[in-house]
1. Taking each pair of distinct Cα atoms in the chain once, what is the resulting Kirkwood hydrodynamic radius in Å?
2. If you average the alpha carbon positions of the stretch 1-53 and of the stretch 131-149, how far apart do those two centres end up, in angstrom?
3. Before rounding to the nearest 500, sum -39500 (n - 2.57) across all DSSP H runs of length at least 4 in the chain and divide by the residue total; then give [θ] at 222 nm in deg cm²/dmol.
4. Nothing charged except the Cβ atoms of Lys and Arg (+1) and of Asp and Glu (-1): what's the magnitude of the dipole of the chain about its Cα centre? Round to the nearest 20 debye.
5. Taking only Cα atoms and a 10 Å spring cutoff, compute GNM fluctuations for the chain and point out the largest among 54, 161, 294.
6. Please give the contour-minus-distance gain from residue 180 to residue 126: 0.36 nm per residue of separation, less the Cα-Cα distance, rounded to one decimal in nm.
7. Which Cα, out of 237, 165, 132, lies furthest along the positive dipole direction of the chain (beta carbon charges, K/R +1, D/E -1)?
8. For residue 4 and residue 286 in one chain, what is 0.36 nm times their gap in residues minus the Cα-Cα distance, to one decimal in nm?
Amino acid sequence: MIVEPKSRFFQQYDLHLWASRNQGEPLKFKEDDDTLDVLSLLQSAIGKDVGKINVGVKDECKITRVNLSADKKYAAILFQRSSPDASTPFFSSRKTGKLKKADRDVDEDIAVSAHLFVDMEHIALRKGRYRAIVEEVPSLGKSYIQTIFHKILKSQEYSFNDRNGNEKTTFTACKLDGYKSQSLSDALKKGTVPYVELVRTPTVEGLDSESFQPKEQKQKIMLRVGGASVIEKLKTVKAWAVGQGWSEVRVQVRLPDGRARVVPVGRDDDAAAVLFVRAEQVYVEKELDVCCENVSPQLLEKAVAMFAKKWTADP
C-alpha cells in the first residue's frame with residue numbers, strides 16, 4: 001500500500017485496560033492529580049528502553065511523542081519504526097518513467113511513523129475501556145503499537161489491598177479491540193487474496209530454553225483462484241493447516257482502494273465470517289510525511305472530529 005500525502009485511514013478501536021493479576025484495579029488513563037496514571041507512564045517511557053521493542057534483529061519500534069489536544073480531552077501518541085534492512089525507495093518520473101533512487105547514507109535507516117489517538121474519558125458503563133484511533137500505516141500496525149504500550153504498562157507494578165485487606169502487587173495490561181465492519185466474504189466481492197500465510201512457533205525440546213528461543217515459523221501459500229471459490233479454498237487451507245499443527249492462518253486481502261489487509265483466521269473461526277476492523281478515510285490540506293518527529297496537528301484535528309461522532313457498535 002502506498003501512503004497518500006493528503007489522506008490517511010483511521011482504524012477504530014477500544015483501548016481495554018485491566019489489572020493483570022491478583023485482582024486490583026487498572027490504572028486510569030489520566031488522573032486529575034499526581035496519582036499514577038497511564039499517560040504519565042507513556043510520557044516517561046520516551047527515549048528509554050522500556051519504550052522500545054525490536055522486530056527481528058535490527059528493526060526498532062519505539063514511542064517518540066505524547067501530546068494532548070487543546071482541550072486536554074484527547075491524547076496523541078506517536079510511534080516510529082526504523083530498519084537498516086528496508087529497501088531504499090525509488091521515484092518514477094511522470095513524464096519519462098525514469099526511475100531515481102532516493103539518497104540514503106550508509107548510517108541512515110528507512111523509517112515510518114504512526115499515531116495512536118485516545119479519548120481519555122472512559123466509555124460509560126464499560127470499566128477500563130477508552131475509544132482509540134490507529135493511523136493505518138504499512139509496517140507499523142496495531143500489533144506493534146499494542147506490544148510497546150503493554151511493555152510500558154507492565155514495567156510499572158503497584159500495590160493494592162485485596163478484599164481481605166492484604167497488600168498485593170499488580171500491573172495494568174492492555175489490548176486494542178477493533179470495531180468491526182465488513183466481513184471477509186463481503187470484501188472479496190471486490191478484493192483479491194494474493195496469499196495465505198501460516199504461522200506457528202516451533203518447539204526447542206531438548207535444548208536449554210533460557211539460551212535458545214524458538215523463532216516464529218511462517219509459510220506462504222499463493223492462491224491461483226478468484227471469485228466465489230476463494231472462500232471455499234480458504235476453508236480447505238485452514239482445515240489442512242490446523243491438522244498440520246499450524247497455530248494461525250493469516251489471509252491477505254488486496255482491496256480496490258489500494259490497501260492490503262492481513263486478517264487472522266482463528267482455529268475455530270469461519271473464514272467467511274471473519275470481520276475487518278472499521279476504517280474511515282480522512283483528508284487533510286497540507287501534505288503529510290511518511291515519518292514525522294512531532295504529532296501531526298492536522299491528524300489530531302481529524303481524530304478529535306471523529307471522537308465527536310457516536311460510535312454505533314461495540315467491538
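1. 21.9 Å
2. 11 Å
3. Values: 5 runs with 51 residues, N = 315.
So the calculated ellipticity at 222 nm is -5000 deg cm²/dmol.
4. 1340 debye
5. Answer for the Gaussian network model of the chain: 161.
6. Here the answer is 17.7 nm.
7. Positive-end residue among those listed: 237.
8. Taking residue 4 through residue 286 to full extension adds about 100.4 nm, to one decimal.
The values are calculated or read from the model by the stated rules, or taken from the named source; none is laboratory data. Values in this document were obtained by computation on a predicted structure and should not be read as measured data. Virtual Cβ from ideal backbone geometry, glycine too; neighbours counted across all protein chains shown. To get the accessible areas, we keep the full protein, side chains included, count just its heavy atoms, and leave off ligands, DNA and RNA. Shrake-Rupley method; radii C 1.70, N 1.55, O 1.52, S 1.80 Å.
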